[in-house]
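Colleague: Structure in structure tokens, see below.
The values are calculated or read from the model by the stated rules, or taken from the named source; none is laboratory data. Note that the coordinates shown come from a computational prediction; the quantities given were computed from them, not determined experimentally. All Cβ positions, glycine included, derive from the backbone under ideal geometry; neighbour counts span all protein chains shown.
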Amino acid sequence: MEAFNNRNVADNGYFMVDIEDYPTDGWGKFKRVVKRTFRGELFVGLWVVMREMLRFDIHTIQYPQEKMPIGPRYRAVHEMKRLWESDAERCIGCGLCEKICISDCIRMDTKIDENSRKEVSSYTINLGRCIFCGYCAEVCPELAITHGGEYENGSEQREHFIMYEDMLTPIDKMKAGAQLEFEGFGSITPHEDARVKKTPLAY
Amino acid sequence: MDTAYLIETVIKVVVLLLVFSALAGIGTYFERKILAFMQRRLGPMNVGPFGLLQVGADGIKLFTKEDIIPTHVVAPIFKIAPVITAATAFMAAAAIPFLPQFTIFGYTVHPIIADINVGILYVLGVMAVGLFGPMLGGMASANKFSLLSAARAAAVFISYEVVSGLAVLAPIMMVGSLSLVDFNEYQAGGIGSWIVWSQPVAFVLFWIAAFAETGRTPFHLIANDHEIIDGFGTEYSGMRWGLFFIGEYANMFFISFVIPLIFLGGFGDGSVLGAFALLGKMAFFFFFFLWTRAAWPDVRPDQLMWLCWKVLMPLAVINVVITGLVMMF
């Protein structure tokens, strides 16, 4: 990772390629042909591919059987999280995700439930329109809607809706403590407790 | 011509057709696998163990695909062109001795269909006719890319043919015969008597010309997929395209037999070891076709013509003259 973060190209081993001037006269062209013929560059190419074949360092991932690990910030099909404390749904029905969605694929309806709490009555995402930009997850004040890692969502039709119940963490999974916390943008960074400073009331 | 000879010839023809049609298919499997390994991929893996049945899957696809004759093509020529490529490739094999003669059930079999006294001339000539397939198919296709490919076929045709003819002339002068069996007998005395030691220039020139002949990668400019789609094959579908393919791979196998027969001692003294040696040499030359495809870039048509006319042909002529002088004195 350090090698990628180092943006200083000056001392990174970069050098100018030594390119000769093109020959203009016949004798120069002839010399170039002879040099190229007997320098054996073609055999270098042959050796390189033969070496790779003998080394047999295959980089293929046989996809349906093998899968690449994906990063925690990968933006695949959305998930709806529950609160760790009460197992209740985190979504407060504020509608920000519907408002910010640039491809207009989120539709939600809310109502006031018997506890006078705002409740989501219907919530769908049209995955056929969704461009997985991540704005909904970014704007969510409660970290309720996030992106998950499930990318195998092929469908037979363009309009492929995903419902609120499908995205919501199942209650048994929640009870087992198996809900994966979102680690992408806007989430709480590790060691956050240590970085909290006292409110400057002492002044 | 007695009946036994007739039956034997028919059997040999059938065996050759079957064996090399199958080999052309398996050749595509080897090509995919070897190219994949050289590029750190796995190649076909899913159809059968290690993808071995991929050839069968491809065959089913080719045979059952719709045979499309586009509207504006010159239909008779369009239809006959793939047949020319495939047929001439197999016709050229008639004068190639694939194995030393052997005795089975007290009957001596010569694994050559016709030991004609102009063997090399016949093989090279008929193989050259095979290039009419791409040329006619490309011209009849009513497609600009196919037409480009046809023009390139003509350019390649007149370029490499001179080189291969002149290159093989020097060994012919030394052997004094055009039959490939005579070539083999001339070199039957072991590795020391191989023609490649006395004619290294002719060997290299003929090898280079073989790449142009079969249209393999350094000279893969007739059907250059990444440049002119598939050239002459653009408008073809199904088994007509498959015939072009079989012709190309059969040509590769046959030229891989011809090069060792002319320059590398062939099957030697005719023992079982010699037969396997010929197959091994053939396998090397076939592998080299695939090897270069993974390693080398393509040349432009003008570079190929430049190479053939300005470099290889003078070298071949000088080689012939020097051979003649050495033989005279």
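This table checks each residue for (1) within 30 Å of residue A:64 (Cα to Cα); (2) without any contact (Cβ under 8 Å) to a residue 12 or more places away in the chain; (3) among the β-branched types (Val, Ile, Thr).
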residue: A:103; (1), (2), (3): no, no, no
residue: A:126; (1), (2), (3): yes, no, no
residue: A:137; (1), (2), (3): yes, no, no
residue: A:167; (1), (2), (3): yes, no, no
residue: A:194; (1), (2), (3): no, yes, no
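Colleague: Name the pairs: first residue in the range B:13-42 and basic (Lys, Arg) and at pLDDT 85 or above, second residue buried (at least 16 other Cβ atoms within 10 Å of the Cβ) and not in a helix (DSSP H, G or I), Cβ to Cβ under 7 Å, at least 6 apart or on different chains?
Modeller: As it stands, the answer is B:32/B:43; B:32/B:44; B:33/B:43, since those pairs meet every condition given.
Colleague: Also, quick follow-up: Mind checking which residues of the range B:58-88 are surrounded by fewer than 14 Cβ atoms within 10 Å (Cβ to Cβ), in a helix (DSSP H, G or I) and in contact with a helix residue (DSSP H, G or I) (Cβ under 7 Å, 6 or more places away or on another chain)?
Modeller: Selection gives B:63 alone.
Colleague: Quick one: is residue A:178 closer than 21 Å to residue A:71 by Cβ and in a helix (DSSP H, G or I)?
Modeller: Considered against the rule, which asks whether it is closer than 21 Å to residue A:71 by Cβ and in a helix (DSSP H, G or I), residue A:178 comes out as no.
Colleague: Pick out the one residue from B:312, B:278, B:261, B:221 that is surrounded by 19 or more Cβ atoms within 10 Å (Cβ to Cβ) and within 14 Å of another protein chain (Cβ to nearest Cβ).
Modeller: After applying the criteria, what remains is B:312.
Colleague: When you look at residue A:126, is it among the polar types (S, T, N, Q) and under 19 Å from residue A:94 (Cβ atoms), yes or no?
Modeller: no
Colleague: If I ask for residues that are in contact with a Ser or Thr (Cβ under 9 Å, 6 or more places away or on another chain) and surrounded by fewer than 17 Cβ atoms within 10 Å (Cβ to Cβ), which ones from the range A:96-109 would you list?
Modeller: Answer for the range A:96-109, where residues must be in contact with a Ser or Thr (Cβ under 9 Å, 6 or more places away or on another chain) and surrounded by fewer than 17 Cβ atoms within 10 Å (Cβ to Cβ): A:107, A:109.
Colleague: Can I ask one more? Looking at B:105, B:37 in this structure, which one is surrounded by fewer than 14 Cβ atoms within 10 Å (Cβ to Cβ) and either under 30 Å from residue A:50 (Cβ atoms) or out of contact with any Leu (no Cβ under 8 Å at 6 or more places or on another chain) (or both)?
Modeller: Step by step, each of B:105, B:37 is checked, and only B:105 is surrounded by fewer than 14 Cβ atoms within 10 Å (Cβ to Cβ) and either under 30 Å from residue A:50 (Cβ atoms) or out of contact with any Leu (no Cβ under 8 Å at 6 or more places or on another chain) (or both).
Colleague: Let me ask you something else. For the range B:51-74, which positions are touching a residue at least 12 places away in the same chain (Cβ under 8 Å) and of a type in the set (A, V, I, L, M, F, W, C)?
Modeller: Of everything in the range B:51-74, those that are touching a residue at least 12 places away in the same chain (Cβ under 8 Å) and of a type in the set (A, V, I, L, M, F, W, C) turn out to be B:52, B:55, B:62, B:63, B:68, B:73, B:74.
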